[in-house]
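Contents: one structure, followed by commentary.
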Amino acid sequence: MLRGLRLDGVDYGRCELREPWGLLMPGQAAARFHFIGRRGCWLLTPGKEWIELTPGDAILLPRGAEHQIASAPGVKALPLERYEIAEVSGNIFDVRGGGDGETTLLFCGSLTFNIDSEHPLLRVMPDLMRACELASNEPAIPHLLEAMAREVTMDRFGSGGILARLADVLAASIIRSWVEGSCGDTTGWIAAARHPEIGRVLAQIHLDPSRDWSVEALAKVMGASRSGFAERFTGIVGETPARYVAQVRMHQARLWLTRDRLRISEVARRLGYESEASFSRAFKRIIGSAPSSFRAERIAAHHSLR
């Protein structure tokens with residue numbers, strides 16, 4: 001399931017900000033990423049708590065929750081567009097501004113997952129993940145941070161593109177480390193994904209969500225009887241196999257409707273429904289709204305948060 005999780009860079013900014021300065025980061029559909037290259041700063045978390053960040057720190061906000069980042073707690077935060085922004089190349093930007101004090105060097109980015117916020121993995125993630133807290137479980141994280149620090153501070157030709165790719169890898173490493181050992185959950189979806197047998201079943205469902213999975217087929221994946229599998233799956237995951245499969249299938253439908261802009265009839269066909277009407281009923285039962293209404297609402301919300 002982690003192998004299928006991809007990150008696409010939306011935009012990246014190399015920020016040179018002179019004290020005092022403050023950046024207001026409104027909530028958005030994409031994830032947020034911050035790497036501190038030179039001179040520390042402070043972050044006002046989604047929970048309204050100020051935490052100090054030092055050079056080499058990396059922060060991931062997987063659901064793009066609202067937050068602030070500033071030279072000191074309480075400094076007035078301004079939207080990014082109030083600063084001097086120059087396009088370097090494609091989706092990479094230089095950001096400058098602030099007062100007349102010492103300069104803080106940051107690398108900030110917006111990352112779009114190939115899954116939406118209703119996916120089980122994103123739902124159970126915390127609002128904020130800090131790389132240094134997960135480094136003990138992921139040996140690659142310190143090396144990635146060191147490589148990013150060199151690229152940020154040396155400002156060599158092409159460093160923006162290299163930083164963007166390093167940020168993608170670091171974000172994926174942070175998520176993997178959190179799933180494997182640091183999230184602490186012993187029940188629910190994370191526990192199920194870690195389980196050697198149930199995890200294998202979940203992986204098959206997510207690898208082929210358009211398949212009409214029966215309880216018998218899933219039990220065969222686990223190598224158990226139908227009744228034994230259903231009881232064990234429900235006990236670990238917290239919902240029946242049929243309900244979970246339906247949620248994953250509708251998650252795939254959401255992506256096809258909003259990301260790929262497929263027609264509702266085409267989504268219904270891909271998922272094996274006999275008619276658009278039967279698909280729409282199933283979609284509304286799981287998601288709570290009709291496919292057409294859901295797509296219109298999500299597209300409008302995405303544009304308003306960008």
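The values are calculated or read from the model by the stated rules, or taken from the named source; none is laboratory data. All of these numbers come straight from a predicted model, not from anything done at the bench. Backbone-built Cβ (ideal geometry, glycine too); neighbour counts: all protein chains shown. These accessible areas exclude ligands, DNA and RNA; they are computed on the full protein's heavy atoms, side chains included. Shrake-Rupley method; radii C 1.70, N 1.55, O 1.52, S 1.80 Å.
Would you confirm whether or not the range 225-241 contains a residue that is in a helix (DSSP H, G or I), touching a helix residue (DSSP H, G or I) at 6+ places or on another chain (Cβ under 7 Å), modelled with pLDDT under 90 and open to solvent by less than 60 Å² (accessible area, probe 1.4 Å)?
yes
Test each condition in (1) crowded, with 17+ Cβ neighbours inside 10 Å; (2) closer than 30 Å to I205 by Cβ; (3) modelled with pLDDT of 85 or more for D127 and report the one that comes out false.
Unmet condition: (1).
Could you tell me whether any residue of the range 48-59 is polar (S, T, N, Q), in contact with a Gly (Cβ under 9 Å, 6 or more places away or on another chain) and outside any loop (DSSP other than H, G, I, E, B)?
no
Considering L144, L80, L105, which residue is at pLDDT 80 or above, over 30 Å from R249 (Cβ atoms) and open to solvent by 30 Å² or more (accessible area, probe 1.4 Å)?
The match here is L80.
Can you work out which of the residues in the range 60-76 that are in a strand (DSSP E or B) and either among the acidic types (D, E) or open to solvent by less than 10 Å² (accessible area, probe 1.4 Å) (or both) is nearest to T104 (Cα to Cα)?
Per the criteria, the residue is A70.
Give me the pairs, please: first residue somewhere in the range 86-98 and modelled with pLDDT under 75 and open to solvent by 60 Å² or more (accessible area, probe 1.4 Å), second residue anywhere and assigned to a strand (DSSP E or B) and not β-branched (V, I, T), beta-carbon distance under 6 Å, and either six or more positions apart or on two chains.
V88/D94
I'd like to know if the range 106-113 contains one or more residues that are in contact with a strand residue (DSSP E or B) (Cβ under 7 Å, 6 or more places away or on another chain) and part of a loop (DSSP other than H, G, I, E, B). Let's see the steps before the verdict.
Within the range 106-113, the subset in contact with a strand residue (DSSP E or B) (Cβ under 7 Å, 6 or more places away or on another chain) is 106-113.
The next check asks that each one be part of a loop (DSSP other than H, G, I, E, B); those that pass are none.
Taking every residue of the range 106-113 in turn, none turns out to be in contact with a strand residue (DSSP E or B) (Cβ under 7 Å, 6 or more places away or on another chain) and part of a loop (DSSP other than H, G, I, E, B).
Okay, residues lined up against (1) among the aromatic types (F, W, Y); (2) open to solvent by less than 70 Å² (accessible area, probe 1.4 Å); (3) at pLDDT 80 or above; (4) assigned to a loop (DSSP other than H, G, I, E, B):
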| site | (1), (2), (3), (4) |
| --- | --- |
| E133 | no, no, no, no |
| V152 | no, yes, no, no |
| F157 | yes, no, no, yes |
| D168 | no, yes, no, no |
| S177 | no, yes, no, no |
| V221 | no, yes, yes, no |
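When you scan the range 251-267, do you find a residue that is in a helix (DSSP H, G or I), touching a Ser or Thr at 6+ places or on another chain (Cβ under 6 Å) and of a type outside the set (A, V, I, L, M, F, W, C), even just one?
The answer is no; no qualifying residue exists.
Within the range 262-272, take every residue that is surrounded by fewer than 18 Cβ atoms within 10 Å (Cβ to Cβ) and touching a residue at least 12 places away in the same chain (Cβ under 8 Å) and give me the one that is nearest to the chain's Cα centre (by Cα).
Looking at the filtered set, the residue picked out is R270.
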